[in-house]
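Reading through the structure tokens given below for one structure.
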Amino acid sequence: MPKEWILNSVMNRFQLNFKRNVGPTSESIRKCSPKTVDEWREYYFLRVKPREHIVELGKKLYVKITEVIQSEVAEVTEQDCIDYMIDRTFDGYMTEIQTVYGQLENMLGVKIEPAPDKWDRLFNVDFFVKIGEKYIGLQIKPVNDRIQLAEIFKEHGLQIKTHKEFTKKYGGKVFYIFSVKQDGKKVIANPEVIKEIQEEVKRLKQGIIIWRI
């Protein structure tokens, strides 16, 4: 089992088992429907990839394990292992707060939770903030070269009805948060929405009822 884990991990890491290297294996084995491994090998070498190609991939995998991985393992120190046991928790935490909803939680000081699938379908809501028995809806939209703000505003116009239905049912408004990547990190493109959400949180905490949207 340890040997198989090593083989599989290294093969995945260096993408040696990707379709471009080994061909459509899943599709091919279904077409072959082999009863033995020898039958599968014969079919594979005849119809998918030649034996010589697989031998070369196997040799490459061996070099990766015995040279590359072994060299990397040799660089790992006892202190690296000790630090990793606790540091990985911090790294995971930093990754989380770098996401848009993590930034929102930090700025708003409230818990933000993923919306149920039903809310996504009915109200176009990705996340929510619970204030007492009321809910605020959040929809996060990534903006890039292919997804322009104009398109998102058009989509928002089509979703206003569902957002009003959410407000009528759960008491809080739905807010759009635009997400863009800057220097490899996700940031909020419309930071003014933070103040709007803060005001809505305050309003719900004070128990004010929306009579007209």
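The values are calculated or read from the model by the stated rules, or taken from the named source; none is laboratory data. This one's a predicted model, so the numbers in the text were calculated from it and none came from an experiment. We place every Cβ from the backbone using ideal geometry, glycine too, and count neighbours over all the protein chains shown.
From the list I131, I69, I54, I112, which residue is in contact (Cβ under 8 Å) with a residue 24 or more places away in the chain and more than 31 Å from the chain's Cα centre (by Cα)? Show your work before the answer.
Values: I131 fails: more than 31 Å from the chain's Cα centre (by Cα); I69 fails: more than 31 Å from the chain's Cα centre (by Cα); I112 fails: more than 31 Å from the chain's Cα centre (by Cα).
Every option except I54 fails the conditions.
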Residue selected from the stretch 170-187 under the condition under 13 Å from F127 (Cβ atoms) and under 18 Å from the mean Cα position of the chain (by Cα), by the criterion modelled with the lowest pLDDT: S179
Go through (1) surrounded by 16 or more Cβ atoms within 10 Å (Cβ to Cβ); (2) modelled with pLDDT of 90 or more and name the single condition I140 misses. (2)
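Go through the stretch 43-59 and give me each residue that's surrounded by 14 or more Cβ atoms within 10 Å (Cβ to Cβ) and in a helix (DSSP H, G or I).
Of all residues in the stretch 43-59, those surrounded by 14 or more Cβ atoms within 10 Å (Cβ to Cβ) come to 43-45, 48-49, 53-54, 57.
Matches in the stretch 43-59: Y43, Y44, F45, H53, I54, L57.
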Test: K161 is free of Cβ contacts under 8 Å to residues at least 12 places away in the same chain and among the charged types (D, E, K, R): yes
